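Single-structure report; data block below.
Bear in mind that the values in this text are calculations on the coordinates, not laboratory data. Since we're looking at a predicted model, the values are computed, not measured. Cβ placement follows ideal geometry from the backbone for every residue including glycine, while neighbour counts extend to all protein chains displayed.
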Amino acid sequence: MAEFPQLLHTVLDTTDCRGLAEFYRELLGLSYRPGDVPPGEGEVDDADWLVLVDAGGARKLAFQHVDRLTPTTWPEHDVPMQLHLDFTVTDRDELERHRRRAEELGATVRLDRTDDADEPLYVLADPSGHPFCIFVA
């Protein structure tokens, strides 16, 4: 018996499960868990719950359909961030490469802090408006 509960995965609400799952699948190089139909392999894509796993099969992110989602207004405080994801890269060149990739996949830059010598980073919003950071660790 485990002493503490174990984190299974992080779940993101979205009005477009497949679209957001595809964004993170492409951005992070993940796969669908067995049983979740990849895009194009199903007759109708009406998924309301999808899970992405790493190469070893460990669950990483899940996506849950909601009818309405109000994206955060961060850095303004009208609608708080509530949760965000952090991703690290090895150097500034990788930071720029992954920022470009994220934007090509549909992300938008919310904050550019690449002038910070100690921890250059970007805060981006995914296609559903969830914030995430990519920074040099």
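Below are the figures for this structure:
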item	result
Rounded, prolate or oblate (a/c below 1.5 giving rounded, otherwise prolate when a/b exceeds b/c) for segment 23-137 by Cα gyration tensor	oblate
Contact order normalised by residue count of segment 10-65, Cα under 8 Å, 6+ apart, percent	48
Prolate/oblate/rounded label for segment 85-136 (Cα gyration tensor, a/c 1.5)	prolate
Rounded, prolate or oblate (a/c below 1.5 giving rounded, otherwise prolate when a/b exceeds b/c) for segment 10-65 by Cα gyration tensor	oblate
Cα-based helix-to-principal-axis angle, 17-28 vs the chain, degrees rounded to 10	50
Counting DSSP beta bridges with both ends in the chain, the antiparallel % (nearest 5)	65
Residue with peak Gaussian network fluctuation, the chain [Cα springs, cutoff 10 Å], from GLU76, GLU96, GLU26	GLU76
12 Å beta-carbon shell around ASP13, net charge (K/R +1, D/E -1)	-3
